[in-house]
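First up is the structure itself, then whatever we jot down about it.
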Amino acid sequence: MGLKMKIYRALTGSTVRNFVRRAEDFFALNLPTVHKKIFLPTKAAAKSALLKFSMARGKKSGRALSLWKISSRENFSPLVSVVVPNFNHAQFLVQRLETIYNQTYKNFEVILLDDASTDSSRDVLKEFHAAHEKNTRLLFNEKNSGGVFCQWRKGISEARGDLIWIAESDDFSAENFLSELVPAFADDAVELAFCRTDFIQDDQKIFTSEQYLADLPSFDWRKKFSMTAAEFVAQGFGVKNIIPNVSGVLFRKKNFFPELCLSMKLCGDWAFYLDAIKGGCVYFSPAATNFYRVHKNSTSLRIQKEPRYFIEHERIAELVAENFFVPAEVHEAHRKNLEEHFFGYYGGKNISELEKLFDVKKILRVERKPNILIGVLAFSVGGGETFPIALANELSRRNFPVTVLNFQMADDLPDVRKKLKPNVPLIYLNNTGGLAEVVEQFKIDVIHTHHGATDVAASYVAENNSSLRHVVTLHGMYEAADADYLKKILDRVKKSVDVFVYIAEKNLTALGTRDWGLGTRFIKIGNGLERSTINPVPRESLNIPEESFVACVVSRAIPQKGWQAAVDAVKLANEQGGRRIDLILVGAGEMYDKLKNRAGEFVHLVGFKSNVRDYLAAADIGLLPSEYAGESFPLLIIDSFFAGRPVVSSNLGEVPSMVEDAGIVFDLVNGKVPVDELAKILRTLADDKKLYEKMKRRAEVVAEKFFIERVAEKYIAVFEDKLQ
């Protein structure tokens, strides 16, 4: 070992660190002037020197980080919600708020919270609100909430922006904070971004984040970087809270707040960050600075002298073990970091006491959730494209580490893209450098694909990665493929697929009688969708009389989906007399172009719409006159039931078991829709109110079995089983 290394290890060892801590406590208490003017500058210089050495040491040892190259976007200017949770910080508020309103990035709103302050805080807040009424809201508590994380939750729930900045009321920031961090979120995988921090006490800088993080030599804090959350946690965030202060953080809004944070006094912010970044990426920039005000008599300092300090750290380690793939060494390093504090500031005497408070063996027994990569062909129309989005949203809501990968094998539709929640990490294959790199950097356990083309692409990686499990859901594409293409798909995926999930019995016919191997399993799980608020489209806006009986078709406008048969059946039913019947056609494609302006007065073509349930709710029934051979588990039926409407459908795939007695199912004749029979069905439902109302009531009951929450439970069992 070289002399420099010996000196480095001696200076960074626990004995020297304990001595420095005791000396700092002594000077701060007895000689405050010496502490401020001599001790702190000397300590800072020493830290900087050690930092430079550790950086060089890390580079020489070749421990390079796996960085993630984030994508950019022109004219990217999302709304940022700035949440200012205040309690008795009147003396700091002016500086805090001025550095918010003077940000060079201008698309933001400010939510000023006060937690029943007893000083003059509210006067200051009201003054700034009056000066910035257009983009500022005041929310005052008349009773103290009992904790800062309660205020975080309140502010986030009130936020209108996709990005959140919790700007603590006693801190302040550089005016380029937002302009420096916001662009990182143009990459849909970035879940959190943070900047460097200066620690301030009595308006003097006493410490920097570079010094605080000097013991993590793998990182170069002088440069911008981005990396996957999985790498970030494994390289250091699982050992210590790399982010010193929430005021230096920007993150995507989530629709839920981690309850664990509310039970913590010290490590709640760390728990919050770990929850926020799962499945995504983290970005750091040293080009902006957050100024973190450290108070001598703060609550955090008091808690650091209590057993609770170590108990909260153990809970953080359990959270890491539950959600991230990290080696045992990470938890050992976490405990090692606590030793200095235990024997120093805490005043512990026996290491066995620490081991009881922070039990590594207990942490290693925690069962980990799988890291799930859900692959979609593209953000386009179809069950194989829509269902994976709903599943990803639900897995994220349940706090699973989930990432969506867009293979970009078809054109994306913006309205379909919007169905994916903004807080679900999204990556694009063309931007990643390869699927193998994605699997490696995100530490993926399970890849779940939904189309023959994506199944094949994933198979090349899964085949050569024994720890990666491949799950395929069959949506009907295989049986619709021609024989040669199907053979190519099956020859390829046979080498990688661990579980085939089929949604209809007929999906299995395409797989043939080949030997799939003892390890391959076949599980039947139906599709499900998310519930949503429904706002029926006014019939008047479609030129449909209120008294009409209305059928609604929602599908791709291709001949096999039966648009022409639907038009012919409605025309025939109206010719037979009785209550008027109208038809709404929702979708785009060949048949839309063919029928537009030529379909007749009873037919209303509206093109592609993302709010299909609003159109179904404007109708009386959902209509699926499909002749498509690949039809397996039509989402139109689920959407109709969620809109409270019964269904009339051709008998394909799982339609009979889906519809039950909440509609009418008819058989195809020689593969074609029997127009006469369909006209008769429409005529009967239009004129028989009693029959129709009975089916409508059943639709609301049958809908429950298609809730995505129930379907996700079954998939989670598959994913977790393959992790064992």
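A short reminder: the numbers here are calculations on the coordinates, not readings from a lab. Keep in mind that what you see is a predicted model, and the values were worked out from it rather than measured. Counting neighbours? That spans all protein chains shown, and the Cβs are built from the backbone with ideal geometry, glycine included.
Summary of computed values
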quantity: Paramagnetic reach from I311 in the stretch 320-334 [backbone N under 19 Å; point 7 Å along Cα→Cβ]; calculated: 320
quantity: Size of electric dipole in the chain: Cβ of Lys, Arg +1 and of Asp, Glu -1, about Cα centre, debye, nearest 20; calculated: 2340
quantity: Ranked T118, T454, T449, T99, criterion: other C-beta atoms within 10 Å, fewest first; calculated: T118, T99, T454, T449
quantity: Cα-based helix-to-principal-axis angle, 308-323 vs the chain, degrees rounded to 10; calculated: 40
quantity: Degrees, to the nearest 10: 452-463 long Cα axis against longest axis of the chain; calculated: 40
quantity: Eligible lysines near K680 by straight Cα distance, threshold 21 Å, same-chain separation 8 or greater; calculated: K561, K571, K672, K689, K690, K694, K696
quantity: Degrees separating the helix 689-702 axis from the principal Cα axis of the chain, which is the longest one; calculated: 30
quantity: Size descriptor, Kirkwood hydrodynamic radius, that averages inverse alpha-carbon separations across the stretch 131-274, Å; calculated: 16.9
quantity: Alpha-carbon centroid distance for the pair the stretch 216-239 / the stretch 359-396, whole angstrom; calculated: 23
quantity: Calculated [θ] (222 nm, deg cm²/dmol) that DSSP helices of n ≥ 4 give over the chain, each run adding -39,500 (n - 2.57); calculated: -12000 deg cm²/dmol
quantity: Prolate/oblate/rounded label for the stretch 292-404 (Cα gyration tensor, a/c 1.5); calculated: prolate
quantity: Listed residues L413, I389, Y292: farthest to the positive end of the dipole of the stretch 282-414 (Cβ charges); calculated: Y292
quantity: J(HN,Hα) series, the stretch 71-76, from Karplus relation 6.51 cos²θ - 1.76 cosθ + 1.60, nearest Hz, glycine and proline x; calculated: 8, 10, 8, 6, 6, 8
quantity: Burial ordering of S649, S657, fewest other beta-carbon atoms within 10 Å first; calculated: S657, S649
quantity: Paramagnetic reach from E590 in the stretch 624-653 [backbone N under 20 Å; point 7 Å along Cα→Cβ]; calculated: 624-632
quantity: Contact order normalised by residue count of the chain, Cα under 8 Å, 6+ apart, percent; calculated: 9
quantity: Neighbour net charge for W270 - beta-carbon separation under 13 angstrom, K R +1, D E -1; calculated: -2
quantity: The stretch 531-545-the stretch 83-138 distance, computed between alpha-carbon centres (Å); calculated: 42
quantity: In Hz, Karplus ³J(HN,Hα) per residue of the stretch 251-268 (6.51, -1.76, 1.60; θ = phi - 60°; x = Gly, Pro); calculated: 8, 6, 6, 10, 8, 8, 10, x, 4, 4, 4, 5, 8, 10, 10, 10, 9, x
quantity: Interchain or long-range residues, amide H under 5 Å from V190's placed H; calculated: C281
quantity: Distance in nm between pseudo-label sites at A483 and I351 (7 Å out along the Cβ direction from Cα); calculated: 7.2
quantity: Whole-Hz ³J(HN,Hα) from phi, Karplus 6.51 cos²θ - 1.76 cosθ + 1.60, for the stretch 577-586, glycine and proline x; calculated: x, x, 4, 4, 10, 10, 10, 9, 10, 10
